[in-house]
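See below for the structure under consideration.
The values are calculated or read from the model by the stated rules, or taken from the named source; none is laboratory data. Just so it is clear, the structure is predicted and the values come from calculations on it, not from any experiment. Neighbour counts run over all protein chains shown; Cβ positions are idealised from the backbone, glycine included.
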Amino acid sequence: MPGDGGAVAAPAAAVLREARVTSLERAWRRAARRPPALAGAAVVVLYLLLALGAPWIAPADPLRTDWGQIRKAPSAAHPFGTDDLGRDILSRVIYGTRISMQAGVFSILLAMAIGVPAGLGAGFYRGAFDQMIMRLTDAWLSFPFLILAIGLVTILGPSLTNATVAIGVGATPTYIRLTRGLVLSTREEDFVQAARALGAGDLRVMGRHILPNIASALLVQATVSIPGAIIAEAILSFLGLGVQPPNPSWGTMLNAAQQFLETAPWMAWWPGLAIFSLALSFNLAGDGLRDWLDPKDY
Amino acid sequence: MLEYLIQRLAISAVTLAVISLIVFTGVRMIPGDPARVMAGTEADEAGLAEIREKYGLDDPIPVQYFRWVGLAIRGDLGESIRTRETVTQTVAKKLPITLELACLSILVALTIAIPVGVLSAVRRNTLWDYLANGLSLFGLSVPNFWLGIMLILFFSVRLGWLPASGFVSFFEDPVANITRMIMPAFVLGTALAAVLMRQTRNSMIEVLSADYIRTAYSKGLAGRAVLFRHAIRNGLIPVVTILGLQMGALMGGAVVTEQIFVVPGFGRLIVESVFTRDYPLVQGVVLITASAYVLINLLVDVSYSLLNPRIRIKGAASAR
């Protein structure tokens, strides 16, 4: 039968390859139906490239002051103008991308690293553990996100890392609640019951059967909470509780700009536009991702 | 119903207890010696010891906690280190300003969100719907402190129509009060409007496809009557809940908005107390904020269950 096996295997592989191509194609076609989401994703990628390649892309050193170029309006030499210390605003905005991306992405990763296991355990085991986690979550959620972050930064001291931690801890209860809710409905599904009947242990059921099924909802939540985290970092830095000058955070730049609204309004335009466009792109991409991952939408 | 109420109250009480623990430990984790802050830089060791003695800072931590909670329940949150005023008095002075701001911004948010949300649900997948969706995305993505700066730039610096900052009591001069509050209220209201608009649209779409709406149409009611008498009434119930849940975000937003427009309210008080390391004030203000949030949501939940019996039963089941 070895010959037979080969003859069967070849068309099977071809069918498989074809199936993969068509599913990729179909995925692309479904994505192409949403130009705003694609545009959002493209801008997010663009900002990511700016963050990674800042030293090569930025036309000037973001920290170099030039007393001869103080608060100059946008010109060919400085397309975004210069700030109160004569620094090139374009370069500072480009370097600021690093800080915003870092704070936005890492804080949400932190929130997921704590929130998903906690929610998974609470939803899976129920009982006293669940009660304890949920009461803690309720209490945690009663502090307005920003006030919690301000409080935490006060305890930890102002810096980018601490602001990121504060934002992440502030966002954690959302992930606990979301994960728990998703687990509660998934654990009753037939395939989970079947896995248990086959003797799968708790960890295997959670890791192999429940988690993959709730991953897409968590991914969508992450995409839509990153813009919130980016804005939160900007706010903390704006209040003087995040990135410290002279480092170019969009928030600290806006803080400085506030004193020169009458003489140098461009100082306030660009960092704000950067936050706005990045947050908008993440929101567009997240909305698109939600529809795209929705199995009902074929 | 009674069982649900008791359950809901018990949960709120536990939440409040956990909140007080978090606030208490949090404030004690702030680096720096509170006695040193209270005494000022010139105090000697004897002076510090005296202050520690007076405020019981040498007592075991659990003793300090229960003393603080006991006083807090009776409305005594201590006094501000900086101004020597009691925390309750300070809050009572600042809170009305922020409440005015909050009410105005809720008004702004509802005026935008409900008509636009209803319109985009009724004219689903038309140009109106897309425009409304764009508007809500704008509201969700624009950082409100930047929007504030831009409004100041345009209406105060460029056009000179509105004062850029400051506060005048409504009872002193209503016109001056409103001209100073209109920009902060708009800034604070936009983010809220975006959230409410999405909720209004979603719940209106759900309601409009309900059987009783079809019944209302088929018995010959005019579209307008169906919309106003049947659909909107039911469609807005979830919006009320979301509004309650958004109170926290509104408080957080007030912190930044008051900072930008120099409004001497509760939000600015929080930032000031943090920067001046005024521990009793930080402790009191954060405790009040969190407790207020718990109470508002308790009220929302209870009123919601009164309005809608189905939720009452479902809520009791899931709380168990």
*Return the only residue of B:ILE81, B:ILE97, B:ILE106 being among the aliphatic types (A, V, I, L, M), more than 20 Å from B:ARG224 (Cα to Cα) and modelled with pLDDT under 85.*
B:ILE81
*Please tell me if B:GLY160 is within 14 Å of another protein chain (Cβ to nearest Cβ) and surrounded by 21 or more Cβ atoms within 10 Å (Cβ to Cβ).*
no
*Pick from region B:245-296, criterion in contact (Cβ under 8 Å) with a residue 60 or more places away in the chain and among the polar types (S, T, N, Q), ranking: surrounded by the most Cβ atoms within 10 Å (Cβ to Cβ)*: B:THR257
_Matching residues, region B:262-275, being within 11 Å of another protein chain (Cβ to nearest Cβ) and part of a loop (DSSP other than H, G, I, E, B)_ = B:VAL262
*Would you check which residues across region A:242-258 are over 30 Å from A:LEU218 (Cβ atoms) and within 11 Å of chain B (Cβ to nearest Cβ) and list them?*
A:MET253, A:LEU254, A:ASN255, A:ALA257, A:GLN258
*Would you mind stating whether B:GLN199 is surrounded by 16 or more Cβ atoms within 10 Å (Cβ to Cβ), in a helix (DSSP H, G or I) and in contact with a Lys or Arg (Cβ under 7 Å, 6 or more places away or on another chain)?*
no
*For region A:149-161, how many residues are within 14 Å of chain B (Cβ to nearest Cβ), in a helix (DSSP H, G or I) and either touching a residue at least 24 places away in the same chain (Cβ under 8 Å) or crowded, with 22+ Cβ neighbours inside 10 Å (or both)?*
6
*Is it true that B:ALA92 is over 24 Å from A:SER225 (Cβ atoms) and touching a Lys or Arg at 6+ places or on another chain (Cβ under 6 Å)?*
no
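Residues are listed down the side, and each one gets a yes or a no for (1) farther than 28 Å from A:PHE145 by Cβ; (2) more than 21 Å from the chain's Cα centre (by Cα); (3) in a helix (DSSP H, G or I):
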position: A:GLY168; (1), (2), (3): no, no, yes
position: A:TYR175; (1), (2), (3): no, no, yes
position: A:SER185; (1), (2), (3): no, yes, yes
position: A:HIS209; (1), (2), (3): yes, yes, yes
position: A:SER216; (1), (2), (3): no, no, yes
position: A:GLN221; (1), (2), (3): no, no, yes
position: A:ILE235; (1), (2), (3): no, no, yes
*Checking A:ARG187 against (1) within 13 Å of chain B (Cβ to nearest Cβ); (2) on the phi < 0 side of the Ramachandran plot; (3) charged (D, E, K, R), which test does it fail?*
(1)
